[in-house]
1. Given the conditions (1) more than 9 Å from the ligand (Cβ to nearest atom); (2) at pLDDT 95 or above; (3) surrounded by fewer than 16 Cβ atoms within 10 Å (Cβ to Cβ); (4) under 19 Å from residue 8 (Cα atoms), which single one is not true for residue 64?
2. I'm checking my understanding of the structure. Among residues of the range 30-47 that are closer than 17 Å to residue 85 by Cα and within 13 Å of the ligand (Cβ to nearest atom), which one is surrounded by the fewest Cβ atoms within 10 Å (Cβ to Cβ)?
3. Please specify each residue of the range 81-121 satisfying the condition of being closer than 30 Å to residue 141 by Cβ and touching a residue at least 40 places away in the same chain (Cβ under 8 Å).
4. Within the range 122-157, how many residues are surrounded by fewer than 15 Cβ atoms within 10 Å (Cβ to Cβ), under 30 Å from residue 78 (Cα atoms) and within 11 Å of the ligand (Cβ to nearest atom)?
5. Could you please find all residues in the range 67-80 being over 22 Å from residue 11 (Cβ atoms) and touching a residue at least 40 places away in the same chain (Cβ under 8 Å)?
6. Just to be sure before I move on: is residue 50 at pLDDT 95 or above and either within 21 Å of residue 120 (Cβ to Cβ) or surrounded by fewer than 16 Cβ atoms within 10 Å (Cβ to Cβ) (or both) in the structure I sent?
7. Kindly indicate whether any position in the range 19-29 is under 23 Å from residue 136 (Cβ atoms), within 14 Å of the chain's Cα centre (by Cα) and within 12 Å of the ligand (Cβ to nearest atom).
Ligand code: ADP
């Protein structure tokens with residue numbers, strides 16, 4: 001069976017990677033699909049092309065994972081790709097409430113089944129938005145994201161990281 005893992009992946013985190021890696025052992029093939037909306041383009045830190053590039057680099061070692069993007073309704077994409085299983089990750093009850101509604105709707109309007117994988121406790125507090133926030137102040141996110149995301153964040157906030165490393169003063173001085 002094949003699955004589609006849809007999301008914004010702005011950028012992909014270690015939590016997403018954990019769900020993806022575990023799913024790749026369960027499904028014959030997993031497609032990581034960046035769902036994008038031209039109207040929301042400005043709301044993302046990384047452009048669609050940048051996100052796709054990060055995803056390709058971060059998943060290059062997973063032979064049964066491919067990367068794609070789609071603008072529109074997920075169920076239309078599923079139909080077009082002849083796929084029927086949506087993969088999502090669950091961190092906390094707050095995720096569940098939102099995901100439950102979407103899962104029911106996707107089944108109703110597209111006959112698509114959603115499979116959930118529980119986030120590993122280690123990554124259950126990691127989100128793309130928190131990672132973006134920390135990186136925007138030059139904080140270290142290297143533990144929370146795959147290397148490709150960390151490098152892209154460092155490049156995006158190069159001036160902040162440079163300034164912050166210049167500011168680091170040793171206690172003796
Ligand atoms: P969306 O904008 O569709 O929520 P995201 O890229 O934020 O897209 O997340 C995609 C999926 O990955 C969602 O199901 C989300 O709950 C899940 N997810 C996000 N962060 C984590 C994490 N740290 N561990 C496990 N799953 C996660």
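1. All conditions are met except number (4).
2. So in the range 30-47, the residues closer than 17 Å to residue 85 by Cα come out as 30-35.
If we keep only those that are within 13 Å of the ligand (Cβ to nearest atom) too, we end up with 30, 32-35.
Details: 30: 24, 32: 27, 33: 23, 34: 23, 35: 17.
If we take residues in the range 30-47 being closer than 17 Å to residue 85 by Cα and within 13 Å of the ligand (Cβ to nearest atom), then 35 is surrounded by the fewest Cβ atoms within 10 Å (Cβ to Cβ).
3. 86, 87, 88, 89, 91, 115, 117, 119, 120
4. The qualifying residues number 3.
5. The one that is over 22 Å from residue 11 (Cβ atoms) and touching a residue at least 40 places away in the same chain (Cβ under 8 Å): 78.
6. Here the answer is no, as residue 50 does not meet what is asked.
7. There is no residue in the range 19-29 that is under 23 Å from residue 136 (Cβ atoms), within 14 Å of the chain's Cα centre (by Cα) and within 12 Å of the ligand (Cβ to nearest atom).
The values are calculated or read from the model by the stated rules, or taken from the named source; none is laboratory data. Small disclaimer: the values here were computed from a predicted structure and weren't measured. Glycine gets a Cβ as well: all are built from the backbone with ideal geometry, and neighbour counts include every protein chain shown.
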